[in-house]
1. Which residue fluctuates most in the GNM of the chain (Cα springs below 10 Å): Ala138, Ala356, Ala31?
2. Over the chain, what is the relative contact order in whole percent, taking alpha-carbon pairs under 8 Å and six or more residues apart?
3. At 0.36 nm per residue, and after removing the present C-alpha to C-alpha distance, how many nm does the segment from Val436 to Met190 gain when stretched out fully?
4. Normalise the Cα radius of gyration of the stretch 220-332 by 2.2 N^0.38 Å (N = residues in it) and let me know the number.
5. Quick check: convex hull of the Cα atoms in the stretch 147-265, volume per residue, rounded to a whole Å³?
6. Which order do peptides 260-271, 49-60 fall in by mean Cβ count within 10 Å, highest first?
7. Give the angle, between 0 and 90 degrees and rounded to the nearest 10, that separates the Cα long axis of helix 270-283 from the longest principal axis of the Cα atoms of the chain.
8. Starting from the Cα of Lys210, draw a straight line to each of the lysines and keep only those under 28 Å, dropping any in the same chain fewer than 8 residues away.
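Nothing in this text is a laboratory measurement; each read-out follows from the coordinates by a stated rule. A quick note: this is a predicted structure, and the numbers were derived from the prediction, not measured. Cβ placement follows ideal geometry from the backbone for every residue including glycine, while neighbour counts extend to all protein chains displayed.
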Amino acid sequence: MSDYIVTNGRTIAGDVPGLRPADRRESLGNAVDVEIRDGVIDRIVPAGEGDPDAFAADCRYDADGRLLTPPLIEPHVHLDATGTAGDPSWNDSGTLAEGIEVWAEYKKDITVDDILDRATKTVEWYASHGVTRIRTHADTTEPSLTTVEALVELKSRVSDLVDLQVVAFPQDGILTGESNEDLLSEAVEMGVDLVGAIPHNEYTREDGVKSVEIACDLAEKHDLPLDLHIDETDDPGSRFTEVLASESIKRGIGDRVTASHTTATHSYNNAYADKLISMLAESGVSVVTNPPDNSVLQGAYDDYPRRRGHTRIDELRAAGVTVGLGHDSVLDPWYHYGVADPLDAAFILAHYAHMAGRGDVEVLWEMLTAANAEIFGADDYGLAEGNEGSLVVYDSPDGFNALRRQAPRTLVLRDGKPIAETEPSTTTVHRSGGPVPVDYKR
């Protein structure tokens with residue numbers, strides 16, 4: 001059944017069109033009832049005005065004043081490598097280069113079943129945290145294209161939980177191996193959804209520029225969007241994002257292009273960064289920042305002071321560039337931690353991007369929801385009548401405390417059907433006067 005009602009949920013300020021936001025400083029929106037019929041949001045009304053009696057008893061949920069948002073979206077992850085951390089070795093230097101070396105050793109004997117088992121588990125983790133859409137990258141520089149085969153198959157295997165997009169991603173570069181360009185072309189014929197590249201991993205500046213052009217040509221030939229790992233380095237001389245922006249302007253494809261990472265912008269001089277950001281704004285290219293990975297990978301070659309190395313989120317957003325927020329890695333050679341929770345990524349970003357002010361709370365939620373939806377191409381997304389009947393309830397009264405506590409998702413609905421539920425745990429502190437229940441909600 002795809003009919004469901006959630007009563008007395010509280011939105012992020014401004015989340016629901018047509019309803020008056022409350023105190024924005026507290027990130028509190030409206031207390032609402034949401035009625036879903038045939039998998040679509042039929043009505044959103046002030047709390048208490050819904051009609052729970054019109055729904056079956058097992059299709060009613062009282063949010064009891066908890067936070068309610070649209071479903072979360074993961075715009076950037078590597079499901080082919082997830083769950084491989086420490087196998088065959090750990091990335092002790094913490095560099096992107098060593099991560100690629102460790103992965104190159106692992107993928108020598110990789111199988112479809114191995115990838116499917118690990119990736120399915122991680123997708124289930126994502127679903128438990130309120131994610132219903134995932135964009136994953138599939139390494140096309142694995143000669144048998146096992147990674148692509150597995151992740152294309154994964155789309156149907158997990159379709160009851162998430163919509164999955166697969167990017168054909170040449171991890172080792174397009175021009176660094178004799179067969180890499182052919183493998184990328186072959187991968188595109190296997191049913192992927194986007195074309196990728198990694199120009200900063202090519203041998204020379206000239207090859208990096210050419211790799212961007214190859215990816216753009218291939219995407220246009222097959223009418224596919226692009227998502228490039230680009231300028232994921234602390235090197236201020238790495239300037240491939242300008243090439244991507246320029247190609248996007250000339251070809252008129254910017255609204256279908258994502259620039260992932262762009263961490264070198266942190267190290268550019270301000271005059272050049274201003275020029276680049278203007279080009280991105282003109283092109284319509286979106287940017288995805290990936291705090292978990294880039295908080296540990298960037299600055300790895302520095303002594304002191306060590307750079308934070310994330311992209312210029314505030315300046316990009318001020319210029320009108322859409323900036324999404326991804327996790328990137330979950331238990332793999334580039335990031336050894338993670339439980340596939342977008343709130344982890346947002347929590348890290350709040351700290352190392354100087355986004356810990358109360359005014360940043362809504363920005364972080366906008367990145368997690370609306371910006372990621374735009375990047376993914378989710379047209380029927382959001383808490384509005386007529387959109388998909390998908391939403392998340394958090395064990396938290398508001399957006400700030402949900403981020404602070406990385407609150408459990410007590411209910412996840414997809415098209416009007418529950419796909420995950422969590423019963424929050426309880427903790428007791430034993431004081432001299434007797435046991436005291438601990439309440440983290442504040």
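1. Most flexible of the set in this elastic network: Ala356.
2. Working: 1009 pairs, mean separation 88.7, N = 442.
Relative CO of the chain lands at 20 percent.
3. Values: separation 246, 0.36 × 246 = 88.56 nm, distance 5.79 nm.
82.8 nm is the gain from fully extending Val436 to Met190.
4. Numbers: Rg = 13.9 Å, N = 113, 2.2 N^0.38 = 13.3 Å.
Normalised Cα radius of gyration, the stretch 220-332: 1.05.
5. Values: hull volume 12.8 nm³, N = 119.
Cα convex hull per residue, to the nearest whole number: 107 Å³.
6. Values: 260-271: 21.2, 49-60: 13.1.
Final packing ranking: 260-271, 49-60.
7. With rounding to tens, the tilt is 70 degrees.
8. Cross-link targets: Lys107, Lys108, Lys221, Lys250, Lys275.
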